[in-house]
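Asks: Following this message is one structure expressed as C-alpha coordinates.
The values are calculated or read from the model by the stated rules, or taken from the named source; none is laboratory data. It should be emphasised that the depicted structure is a prediction, and the values quoted were computed from it without experimental measurement. Ideal geometry is used to build each Cβ from the backbone, glycine not excepted, and the neighbour counts take in all protein chains shown. Just so you know, the surface numbers come from the protein's heavy atoms only, side chains and all, with ligands and any DNA or RNA stripped out. Shrake-Rupley method; radii C 1.70, N 1.55, O 1.52, S 1.80 Å.
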Amino acid sequence: MADAAIRISSMDKYFGNFHVLKNIGLQVDKGERIVICGPSGSGKSTLIRCINRLEEHQRGTINVLGTQLDDDLSHIDRIRREVGMVFQHFNLFPHLTVLENLTLAPMLVRKTPRAEAEEKAMAYLERVRIPEKAGDYPGELSGGQQQRVAIARALCMEPEVMLFDEPTSALDPEMINEVLEVMRELAEGGMTMLCATHEMGFARQVADRVVFMSDGEIVEQAPPAEFFDAPKHDRTRAFLEKIL
Ligand code: ADP
Ligand code: MG
(Lines give C-alpha, C1' and ligand atoms only; values in the text may rest on other atoms or scores of the structure.)
(Ligands and ions follow the chains in the order given, each with its own letter.)
Protein backbone atom coordinates (compact mmCIF):
# COMPACT_ATOMS: atom_id res chain seq x y z
CA MET A 1 0.00 0.00 0.00
CA ALA A 2 2.82 2.37 0.86
CA ASP A 3 4.09 2.35 -2.71
CA ALA A 4 0.81 3.33 -4.36
CA ALA A 5 1.05 6.36 -6.62
CA ILE A 6 -2.68 6.34 -7.33
CA ARG A 7 -5.35 4.52 -5.37
CA ILE A 8 -8.95 4.73 -6.55
CA SER A 9 -11.68 2.86 -4.68
CA SER A 10 -15.41 2.46 -5.20
CA MET A 11 -15.42 5.57 -7.34
CA ASP A 12 -18.49 6.75 -9.23
CA LYS A 13 -18.92 9.72 -11.45
CA TYR A 14 -22.05 11.16 -13.03
CA PHE A 15 -22.61 13.75 -15.72
CA GLY A 16 -26.05 14.89 -14.55
CA ASN A 17 -28.08 11.67 -14.50
CA PHE A 18 -25.60 9.82 -16.69
CA HIS A 19 -23.56 7.32 -14.69
CA VAL A 20 -20.28 7.61 -16.58
CA LEU A 21 -17.87 5.81 -14.21
CA LYS A 22 -19.13 2.87 -12.18
CA ASN A 23 -17.52 1.56 -9.03
CA ILE A 24 -13.97 2.10 -10.25
CA GLY A 25 -11.20 0.40 -8.31
CA LEU A 26 -7.66 0.90 -9.55
CA GLN A 27 -4.27 1.03 -7.93
CA VAL A 28 -1.15 2.21 -9.72
CA ASP A 29 2.11 1.60 -7.90
CA LYS A 30 5.08 3.91 -8.13
CA GLY A 31 7.03 3.12 -11.29
CA GLU A 32 4.18 1.16 -12.84
CA ARG A 33 3.09 1.69 -16.43
CA ILE A 34 -0.62 1.19 -17.02
CA VAL A 35 -2.37 1.30 -20.38
CA ILE A 36 -6.12 1.93 -20.41
CA CYS A 37 -7.99 0.79 -23.47
CA GLY A 38 -11.62 0.35 -24.42
CA PRO A 39 -14.18 1.54 -26.93
CA SER A 40 -14.80 5.19 -27.57
CA GLY A 41 -17.16 6.52 -24.92
CA SER A 42 -16.22 3.90 -22.32
CA GLY A 43 -14.97 6.53 -19.87
CA LYS A 44 -11.19 6.48 -20.33
CA SER A 45 -10.78 10.25 -20.61
CA THR A 46 -13.17 10.93 -17.77
CA LEU A 47 -11.30 8.53 -15.49
CA ILE A 48 -7.96 10.13 -16.31
CA ARG A 49 -9.40 13.61 -15.84
CA CYS A 50 -10.78 12.69 -12.42
CA ILE A 51 -7.25 11.90 -11.23
CA ASN A 52 -6.17 15.54 -11.43
CA ARG A 53 -9.62 16.93 -10.79
CA LEU A 54 -10.34 18.22 -14.26
CA GLU A 55 -13.54 16.31 -13.50
CA GLU A 56 -15.07 15.81 -10.08
CA HIS A 57 -16.17 12.38 -8.86
CA GLN A 58 -19.24 11.90 -6.68
CA ARG A 59 -18.60 8.75 -4.68
CA GLY A 60 -15.62 6.76 -3.47
CA THR A 61 -12.04 7.93 -3.02
CA ILE A 62 -9.11 8.94 -5.17
CA ASN A 63 -5.76 9.15 -3.46
CA VAL A 64 -2.75 10.46 -5.38
CA LEU A 65 0.72 10.21 -3.84
CA GLY A 66 -0.77 10.04 -0.39
CA THR A 67 -3.07 13.04 -0.84
CA GLN A 68 -6.82 12.53 -0.85
CA LEU A 69 -8.65 14.27 -3.68
CA ASP A 70 -11.44 16.18 -1.94
CA ASP A 71 -12.80 19.70 -1.81
CA ASP A 72 -9.65 21.02 -0.13
CA LEU A 73 -8.09 23.23 -2.79
CA SER A 74 -4.61 22.84 -1.33
CA HIS A 75 -4.92 19.08 -1.92
CA ILE A 76 -5.97 19.66 -5.53
CA ASP A 77 -3.07 22.08 -6.07
CA ARG A 78 -0.58 19.66 -4.57
CA ILE A 79 -1.79 16.82 -6.78
CA ARG A 80 -1.74 18.95 -9.93
CA ARG A 81 1.84 19.96 -9.20
CA GLU A 82 2.93 16.33 -9.01
CA VAL A 83 0.86 14.96 -11.87
CA GLY A 84 1.67 15.82 -15.47
CA MET A 85 -0.93 15.49 -18.18
CA VAL A 86 -0.67 15.14 -21.94
CA PHE A 87 -3.84 15.50 -24.01
CA GLN A 88 -4.89 14.24 -27.41
CA HIS A 89 -4.87 17.76 -28.83
CA PHE A 90 -1.55 18.95 -27.30
CA ASN A 91 -3.16 22.04 -25.70
CA LEU A 92 -0.05 24.18 -26.05
CA PHE A 93 -0.42 27.93 -25.59
CA PRO A 94 -0.47 29.14 -29.22
CA HIS A 95 0.69 32.69 -28.47
CA LEU A 96 3.80 31.54 -26.55
CA THR A 97 6.98 30.13 -28.04
CA VAL A 98 7.95 26.55 -27.34
CA LEU A 99 10.41 27.71 -24.70
CA GLU A 100 7.82 29.98 -23.07
CA ASN A 101 5.33 27.10 -23.04
CA LEU A 102 7.89 25.07 -21.10
CA THR A 103 8.95 27.71 -18.59
CA LEU A 104 5.54 29.22 -17.75
CA ALA A 105 4.36 26.75 -15.12
CA PRO A 106 7.74 26.23 -13.43
CA MET A 107 8.14 30.02 -13.09
CA LEU A 108 4.56 30.69 -11.98
CA VAL A 109 3.81 27.64 -9.87
CA ARG A 110 7.22 26.52 -8.65
CA LYS A 111 8.72 30.03 -8.59
CA THR A 112 11.75 28.75 -10.48
CA PRO A 113 13.98 31.65 -11.62
CA ARG A 114 13.82 32.23 -15.38
CA ALA A 115 17.40 31.23 -16.17
CA GLU A 116 17.02 27.96 -14.33
CA ALA A 117 13.61 27.26 -15.89
CA GLU A 118 15.03 27.91 -19.36
CA GLU A 119 18.01 25.68 -18.75
CA LYS A 120 15.77 22.86 -17.64
CA ALA A 121 13.39 23.45 -20.55
CA MET A 122 16.26 23.15 -23.02
CA ALA A 123 17.36 19.91 -21.38
CA TYR A 124 13.86 18.47 -21.83
CA LEU A 125 13.68 19.72 -25.42
CA GLU A 126 16.91 17.81 -26.02
CA ARG A 127 15.31 14.74 -24.54
CA VAL A 128 12.36 14.96 -26.92
CA ARG A 129 14.84 15.80 -29.71
CA ILE A 130 13.68 19.25 -30.78
CA PRO A 131 15.92 21.81 -29.06
CA GLU A 132 16.12 23.72 -32.37
CA LYS A 133 12.39 24.55 -32.06
CA ALA A 134 12.72 26.49 -28.80
CA GLY A 135 11.97 29.84 -30.40
CA ASP A 136 9.16 28.67 -32.68
CA TYR A 137 5.45 29.01 -32.03
CA PRO A 138 3.36 25.82 -31.73
CA GLY A 139 1.57 26.57 -35.01
CA GLU A 140 4.89 26.29 -36.85
CA LEU A 141 5.43 22.71 -35.66
CA SER A 142 4.10 19.40 -36.94
CA GLY A 143 1.62 17.50 -34.78
CA GLY A 144 4.29 15.05 -33.65
CA GLN A 145 6.61 17.91 -32.68
CA GLN A 146 3.81 19.69 -30.82
CA GLN A 147 3.02 16.56 -28.86
CA ARG A 148 6.69 16.11 -27.95
CA VAL A 149 6.71 19.72 -26.74
CA ALA A 150 3.60 18.95 -24.68
CA ILE A 151 5.40 16.01 -23.08
CA ALA A 152 8.48 18.15 -22.40
CA ARG A 153 6.25 20.85 -20.92
CA ALA A 154 4.72 18.37 -18.48
CA LEU A 155 8.16 17.03 -17.57
CA CYS A 156 9.46 20.52 -16.77
CA MET A 157 7.30 20.42 -13.65
CA GLU A 158 9.18 17.25 -12.63
CA PRO A 159 6.00 15.28 -12.01
CA GLU A 160 5.89 12.03 -10.07
CA VAL A 161 3.13 10.68 -12.31
CA MET A 162 2.31 11.23 -15.97
CA LEU A 163 -1.20 10.88 -17.38
CA PHE A 164 -1.62 10.51 -21.13
CA ASP A 165 -4.99 10.71 -22.87
CA GLU A 166 -4.69 9.20 -26.35
CA PRO A 167 -1.53 11.18 -27.06
CA THR A 168 -1.15 9.83 -30.59
CA SER A 169 -4.78 9.73 -31.72
CA ALA A 170 -4.70 13.13 -33.40
CA LEU A 171 -1.43 12.49 -35.23
CA ASP A 172 -0.76 11.52 -38.81
CA PRO A 173 0.46 7.91 -38.89
CA GLU A 174 4.06 8.80 -39.71
CA MET A 175 4.31 10.90 -36.54
CA ILE A 176 2.99 8.36 -34.09
CA ASN A 177 6.29 6.59 -33.57
CA GLU A 178 8.32 9.65 -32.66
CA VAL A 179 5.88 10.32 -29.82
CA LEU A 180 5.69 6.68 -28.70
CA GLU A 181 9.49 6.58 -28.69
CA VAL A 182 9.64 9.49 -26.24
CA MET A 183 7.04 7.76 -24.08
CA ARG A 184 8.99 4.50 -24.18
CA GLU A 185 12.10 6.29 -22.96
CA LEU A 186 10.12 7.89 -20.18
CA ALA A 187 8.87 4.46 -19.14
CA GLU A 188 12.40 3.06 -19.19
CA GLY A 189 13.44 5.93 -16.93
CA GLY A 190 11.01 4.66 -14.31
CA MET A 191 8.19 7.20 -14.66
CA THR A 192 4.81 6.18 -13.25
CA MET A 193 2.51 6.32 -16.26
CA LEU A 194 -1.19 5.94 -16.87
CA CYS A 195 -1.97 6.08 -20.54
CA ALA A 196 -5.19 5.76 -22.50
CA THR A 197 -4.26 4.61 -25.97
CA HIS A 198 -5.27 2.40 -28.84
CA GLU A 199 -1.62 1.65 -29.61
CA MET A 200 -1.63 -2.00 -28.65
CA GLY A 201 1.98 -2.53 -29.74
CA PHE A 202 3.00 0.07 -27.19
CA ALA A 203 0.80 -1.62 -24.58
CA ARG A 204 2.45 -4.97 -25.21
CA GLN A 205 5.97 -3.56 -25.05
CA VAL A 206 5.69 -1.01 -22.29
CA ALA A 207 2.73 -1.70 -20.02
CA ASP A 208 3.01 -3.62 -16.79
CA ARG A 209 -0.76 -3.92 -16.84
CA VAL A 210 -3.51 -3.29 -19.35
CA VAL A 211 -6.85 -2.07 -18.04
CA PHE A 212 -9.89 -2.61 -20.23
CA MET A 213 -12.90 -0.33 -19.81
CA SER A 214 -16.35 -0.68 -21.28
CA ASP A 215 -19.51 1.29 -20.46
CA GLY A 216 -17.89 3.07 -17.54
CA GLU A 217 -16.60 -0.06 -15.85
CA ILE A 218 -13.20 -1.66 -15.51
CA VAL A 219 -14.03 -5.01 -17.03
CA GLU A 220 -10.65 -6.64 -16.76
CA GLN A 221 -7.02 -5.83 -16.00
CA ALA A 222 -4.02 -8.03 -16.60
CA PRO A 223 -0.37 -8.02 -17.68
CA PRO A 224 -0.20 -7.56 -21.47
CA ALA A 225 0.73 -11.15 -22.34
CA GLU A 226 -2.28 -12.44 -20.45
CA PHE A 227 -4.53 -9.62 -21.59
CA PHE A 228 -3.87 -10.05 -25.30
CA ASP A 229 -3.41 -13.81 -25.45
CA ALA A 230 -6.05 -14.93 -22.98
CA PRO A 231 -8.66 -12.22 -22.44
CA LYS A 232 -11.24 -13.40 -19.95
CA HIS A 233 -14.34 -11.43 -20.85
CA ASP A 234 -16.50 -11.43 -23.96
CA ARG A 235 -16.43 -7.64 -24.10
CA THR A 236 -12.61 -7.67 -24.07
CA ARG A 237 -12.48 -10.28 -26.81
CA ALA A 238 -14.96 -8.35 -28.94
CA PHE A 239 -12.90 -5.17 -28.54
CA LEU A 240 -9.59 -6.87 -29.34
CA GLU A 241 -11.06 -8.54 -32.42
CA LYS A 242 -12.06 -5.13 -33.73
CA ILE A 243 -8.76 -3.34 -33.20
CA LEU A 244 -6.07 -5.99 -33.67
P1 ADP B 1 -13.56 7.77 -23.82
O2 ADP B 1 -12.41 8.65 -23.45
O3 ADP B 1 -13.40 6.34 -23.39
O4 ADP B 1 -13.92 7.86 -25.27
P5 ADP B 1 -15.12 9.68 -22.31
O6 ADP B 1 -14.62 9.61 -20.91
O7 ADP B 1 -14.68 10.80 -23.16
O8 ADP B 1 -14.85 8.27 -23.02
O9 ADP B 1 -16.70 9.72 -22.29
C10 ADP B 1 -17.47 8.77 -21.57
C11 ADP B 1 -18.93 9.10 -21.75
O12 ADP B 1 -19.21 10.32 -21.06
C13 ADP B 1 -19.37 9.31 -23.19
O14 ADP B 1 -20.67 8.80 -23.31
C15 ADP B 1 -19.36 10.80 -23.33
O16 ADP B 1 -20.29 11.20 -24.30
C17 ADP B 1 -19.77 11.26 -21.96
N18 ADP B 1 -19.21 12.59 -21.60
C19 ADP B 1 -17.91 12.94 -21.63
N20 ADP B 1 -17.73 14.20 -21.21
C21 ADP B 1 -18.96 14.66 -20.89
C22 ADP B 1 -19.46 15.89 -20.37
N23 ADP B 1 -18.64 16.91 -20.09
N24 ADP B 1 -20.79 16.00 -20.17
C25 ADP B 1 -21.62 14.97 -20.44
N26 ADP B 1 -21.23 13.77 -20.93
C27 ADP B 1 -19.92 13.62 -21.15
MG1 MG C 1 -11.16 9.77 -24.61
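Asks: Taking a label point 7 Å from the Cα of ARG78 along the Cα→Cβ vector, which residues of the stretch 8-42 have an amide N closer than 11 Å to it?
Replies: none
Asks: Continuing with this model, one more query. So what's the stretch 39-165 giving for Cα Rg divided by 2.2 N^0.38 Å, two decimals?
Replies: 1.12
Asks: Keeping all protein chains in place, calculate the accessible area per residue for the chain (probe 1.4 angstrom), answer in Å².
Replies: 46 Å²
Asks: Sticking with this one: Over all pairs of distinct alpha carbons, what does the Kirkwood formula give as the hydrodynamic radius of the stretch 143-244, in Å?
Replies: For the stretch 143-244, inverting the mean 1/r across all distinct Cα pairs yields 14.6 Å.
Asks: If you stretched the chain out fully between LEU244 and GLU226, how much longer would it get, using 0.36 nm times the residue separation minus the C-alpha to C-alpha distance?
Replies: 5.0 nm
Asks: Also, quick follow-up: Ordered by residue, what ³J(HN,Hα) values in Hz, to whole numbers, does the stretch 38-54 give under the Karplus form 6.51 cos²θ - 1.76 cosθ + 1.60, where θ = phi - 60° and Gly and Pro are x?
Replies: Once θ is set to phi - 60°, the couplings for the stretch 38-54 become x, x, 4, x, 7, x, 4, 4, 4, 4, 4, 5, 5, 5, 10, 6, 6 Hz.
Asks: Let me ask you something else. Normalising by the residue count of the stretch 1-57, find the relative contact order in percent from Cα pairs under 8 Å and 6+ residues apart.
Replies: Relative contact order here is 31 percent.
Asks: Going out from 0 in 10 Å bins, what whole percent of all Cα-Cα distances in the chain drops into each bin?
Replies: 8, 31, 36, 21, 5, 0
Asks: Where does the stretch 173-216 land on the Kirkwood hydrodynamic radius, alpha-carbon pairs, in angstrom?
Replies: So the Kirkwood estimate lands at 11.5 Å.
Asks: Whose amide H sits under 5 Å from the amide H of VAL20, counting only residues 5 or more places off or on another chain, with H placed in the peptide plane?
Replies: LYS13, TYR14, PHE15
Asks: Exceeding 30 Å between C-alpha atoms, which entries from my cross-link table qualify? They are LYS13/LYS133; LYS22/LYS232; LYS13/LYS120; LYS44/LYS232; LYS44/LYS111.
Replies: Values: LYS13/LYS133 40 Å; LYS22/LYS232 20 Å; LYS13/LYS120 38 Å; LYS44/LYS232 20 Å; LYS44/LYS111 33 Å.
Pairs exceeding the cut-off: LYS13/LYS133; LYS13/LYS120; LYS44/LYS111.
Asks: What FRET efficiency would be calculated for the residue pair LEU104, GLU132, taking the C-beta separation as r and a Förster radius of 22 Å, to the nearest 0.05?
Replies: The value I calculate is 0.60.
Asks: If packing is taken as the average number of other Cβ atoms within 10 Å across a peptide's residues, how do 206-218, 46-58 rank, most packed first?
Replies: 206-218, 46-58
Asks: May I ask you to derive the relative contact order of the chain, considering only C-alpha pairs under 8 Å and at least 6 residues apart, and to give it as an integer percent?
Replies: 26 percent
Asks: Pull up all non-local amide H partners of HIS57: gap of 5 or more, or a different chain, and H-to-H distance under 5 Å with H placed in the peptide plane.
Replies: The list, which skips near neighbours in sequence, is empty: none.
Asks: Please report Rg (one decimal) and Dmax (integer) in Å for the Cα set of the stretch 66-132.
Replies: In Å, with Rg to one decimal and Dmax whole: 14.0, 42.
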